[in-house]
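These notes are about the structure you will find just below.
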Amino acid sequence: MKKRWLAVLLLSTMLSTEKNYAQTTSTQKKWWKEQVVYQIYPRSFKDSDGDGIGDLKGITSQLDYLAQLGIDIVWLSPHFDSPNADNGYDIRDYKKVMTEFGTMKDFDELLAGLKKRGIKMIIDLVVNHSSDEHQWFQESKSSKLNPYRDYYIWRPGKDGHAPNNYTSFFGGSAWEKAGPDGEYYLHYFAKKQPDLNWENPKLREEVYSIMKFWLDKGVDGFRMDVIPMISKDQQFPDLDAASLTHPEFKYTFGPRLHEYLKEMNSKVLSKYDVMTVGEVFGGTADKTALLTDERRKEIDLAFSFDVARIGRDNWKQNNWTLPEWKAMFKTQSDLDSYHWPTVFLANHDNPRMISKFGDDSPTFRIPSAKLLAMLLLTQKGTAFMYQGDEIGMTNYRFTAFDQFDDVEIKGNYKQVLASGVSPEKYLAGLNKTGRDHARTPMQWSSEKQGGFTSGDKSWLAVNPNYKEINVKADLENPNSIFNFYKQLLAIRKGNDDLIYGDYKDIAPEHKEVFAYTRTGKNNEYLVLLNMSDKKVNFNIDGKFKNYKLVIANKYEKMNTVHSTVVEMEPWEAILYDRN
Ligand code: TEU
């Protein structure tokens with residue numbers, strides 16, 4: 001008896017040692033690997049009361065629309081009480097709903113309405129920082145002796161200056177002097193977003209209690225905002241010159257990050273059947289993989305920014321090539337069976353995917369939007385859609401700075417111009433990279449304000465192309481982008497070969513065509529995407545002969561592969577399968 005216990009003890013110690021993993025596990029099936037997430041940015045989705053700001057009741061009014069589309073999980077961007085310095089990514093009260101968005105009752109109704117339709121919901125967990133209007137910060141700021149002082153990161157200045165040269169993503173120093181003691185607090189983002197001090201165990205317990213509060217309401221998990229930033233190097237060393245333009249690589253993966261995530265997992269997440277996806281802004285592929293290795297018990301999934309942000313250098317958009325982009329998808333799918341990738345091309349911090357990766361001209365908007373839909377839903381990984389992409393919404397053409405709302409642009413404006421960049425050049429850059437492109441209101445119909453609000457104004461202008469690009473028009477047209485998404489989502493649902501099948505890029509060096517296979521136990525898929533505005537004769541291996549058409553974005557396409565050359569139209573996307 002004693003011996004048996006000793007053996008069990010020994011075995012469990014071995015299993016819990018980080019490097020001593022059991023070798024038997026392979027890719028485990030999980031609901032969150034199979035399902036498709038749809039991100040809602042509540043401010044811009046649907047306004048129910050005419051104040052020009054989207055709200056929870058507005059979302060609830062469109063649940064049948066989401067069910068009709070066929071998505072499985074909604075990711076709701078922050079809905080918590082906030083003074084909106086950064087549209088809700090600055091939280092004043094984590095257990096209260098933002099007044100503009102409604103009440104807790106509205107939240108409960110939204111959640112119940114989703115559940116009724118079999119749709120899950122994950123919410124945003126923004127705990128690298130809070131709002132400066134959070135009660136914790138008000139207390140913390142009031143005195144060095146206040147019990148909440150250590151909820152935030154305070155340091156004395158150096159020779160009358162900030163404690164070090166850290167810069168904020170939203171302009172200027174990352175330190176701000178405040179309160180009666182003349183100390184500085186740290187804020188990686190806006191001044192109104194002071195960073196929380198995770199070194200303090202009391203703060204960590206507060207975060208876990210917030211998580212439990214929402215999980216006990218029935219939410220199905222979290223998207224974790226800039227999660228690798230929560231642990232900081234307590235020495236706060238100056239940034240070297242090279243890091244000053246991209247400090248995110250120094251602000252992430254601090255010494256205690258993995259310890260904190262393991263604690264969060266054991267104290268909270270492990271007690272629920274939920275999914276977590278971390279926003280990994282500022283991480284290399286190797287470091288990111290540590291977060292999502294299922295044996296380490298930290299988080300399930302990570303957004304790596306490589307794919308969505310290719311070529312982006314702050315507000316500038318540099319050129320990139322298709323082979324470079326393809327290599328990034330490969331890196332993710334090359335991960336071993338203890339990891340699961342994500343596929344995302346856009347969110348509320350990035351330009352519209354059609355404008356960045358497709359072609360938003362009148363000729364090619366529809367085929368390129370459908371091509372990107374096929375890419376998103378046939379790659380290996382949990383797919384994340386962003387609101388409006390299902391109807392092919394495009395970037396807004398900004399012509400003046402006062403048309404922007406974004407704190408990032410407002411905060412950096414002076415600094416960028418002072419560095420010698422002309423306003424025209426900055427504007428041209430922002431027209432490619434700006435975060436507000438994705439935040440213009442959802443276009444529901446050709447009525448005024450695109451049917452987003454009954455009011456005369458919306459918080460950010462509706463894209464003037466709403467008369468042509470809107471939900472109503474897409475629902476009425478069987479060949480619309482919406483209906484293409486719907487078909488693809490139906491093809492993918494429950495399709496283990498397409499979900500778990502191996503990924504192989506069959507032409508990694510091809511400059512126009514993205515071509516890959518997904519090989520499962522029962523079937524093999526061949527995906528051909530011509531990502532150019534030229535006709536391309538694409539050579540494929542003889543082994544694909546007799547593969548049959550599943551779906552394509554041009555309807556006259558041949559039904560079966562007859563030769564080793566596929567003549568592809570500009571932006572043509574074709575999905576074939578073997579069976
Ligand atoms: O985003 C962090 C992020 O990746 C970018 O927005 C980045 O800060 C910026 O583009 C740097 O140039 C998350 C949220 O998604 C974003 O909306 C918030 O503004 C930010 O964190 C702070 O909470």
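Annotations
- Alpha carbon centroid spacing (whole Å) that separates segment 107-121 from segment 174-206: 35
- Added length on full extension, which subtracts the Cα-Cα distance from 0.36 nm per residue, Lys410 to Lys144: 92.6 nm
- Net charge dipole, segment 135-186: roughly 40 debye, given to the nearest 20, about the Cα centre with Cβ charges of +1 for Lys and Arg and -1 for Asp and Glu.
- Which of Ser130, Ser355 is most accessible, then next, and so on - probe 1.4 Å: Ser355, Ser130
- Sorted peptide list for 330-336, 383-389, criterion being average Cβ within 10 angstrom, highest first: 383-389, 330-336
- Net length available on complete extension from His161 to Ile506 is 118.6 nm, with 0.36 nm assigned per residue and the Cα-Cα distance removed.
- Separation in nanometres of the label points that stand 7 Å from Cα toward Cβ, at Thr321 and Phe236: 4.5
- With each label modelled as a point 7 angstrom along the Cα→C-beta vector, the Asp273-Asp286 pair spans 3.8 nm.
- Treating r as the C-beta distance of Lys543 and Phe249 and R0 as 51 Å, the FRET efficiency rounds to 0.75.
- When the convex hull of its Cα atoms is projected in every direction, mean area for the chain (nm²): 29.4
- Global geometry of segment 382-516, whether rounded, prolate or oblate, following the gyration tensor of its Cα atoms and the 1.5 cut on a/c: oblate
- Coarse-grained scattering of segment 292-426 at q = 0.16 Å⁻¹, given as base-10 log I(q)/I(0) from a Debye sum over alpha-carbon atoms: -0.96
- Most to least packed among 425-436, 499-510 [average Cβ atoms within 10 Å]: 425-436, 499-510
- When all protein chains stay in place and ligands, DNA and RNA are ignored, the 1.4 Å accessible-area order of Asp64, Asp286, Asp406, largest first, is Asp286, Asp64, Asp406.
- Each peptide in 156-162, 131-137, 232-238, 300-306 gets a packing score, the mean of other Cβ atoms within 10 Å over its residues, and the list from highest to lowest is 300-306, 131-137, 232-238, 156-162.
- Cα-based radius of gyration for segment 60-201, normalised by 2.2 N^0.38 Å, reads 1.29.
- Debye intensity ratio in log₁₀ form over the Cα atoms of segment 303-363, taken at each q of 0.24 Å⁻¹: -1.11
- Spacing of the two label points (7 Å from each Cα toward its C-beta) at Thr564 and Trp31, in nm: 4.8
- With both residues required to sit in the chain, DSSP beta bridges show an antiparallel share near 60%.
- In plain terms, the chain from Glu476 to Lys202 could stretch by 93.2 nm, reckoned as 0.36 nm per residue minus the Cα-Cα distance.
- Take the Cβ atoms of Asp181 and Ser266, set R0 to 45 Å, and the FRET efficiency comes out at 0.80.
- Dipole magnitude of the chain about its Cα centre (Cβ charges: Lys, Arg +1; Asp, Glu -1), debye to nearest 20: 1380
- Rg of the Cα atoms in segment 242-330, relative to 2.2 N^0.38 Å, amounts to 1.26.
- Quarter of Cα convex hull surface for segment 158-317, i.e. mean projection, nm²: 11.0
- Rounded D (µm²/s) - segment 502-577, Kirkwood Rh over Cα pairs, Stokes-Einstein at 10 °C, 1.306 mPa s: 128
- Where a label projected 7 Å from the Cα of Asn523 along Cα→Cβ would reach, residues of segment 471-496 with amide N under 15 Å: 487-496
- Geometric descriptor of segment 135-186, per residue, is 76 Å³ (volume of the convex hull of the Cα atoms).
- Cut-off 12 Å, label 7 Å out along Cα→Cβ of Asp334, residues of segment 519-544 by amide N: none
The values are calculated or read from the model by the stated rules, or taken from the named source; none is laboratory data. Just so we're clear, the structure is a prediction, and the values are computed from it rather than from any experiment. When we count neighbours, we look across all protein chains shown, and the Cβ atoms used for this are built from the backbone with ideal geometry, even at glycine. These accessible areas exclude ligands, DNA and RNA; they are computed on the full protein's heavy atoms, side chains included. Shrake-Rupley method; radii C 1.70, N 1.55, O 1.52, S 1.80 Å.
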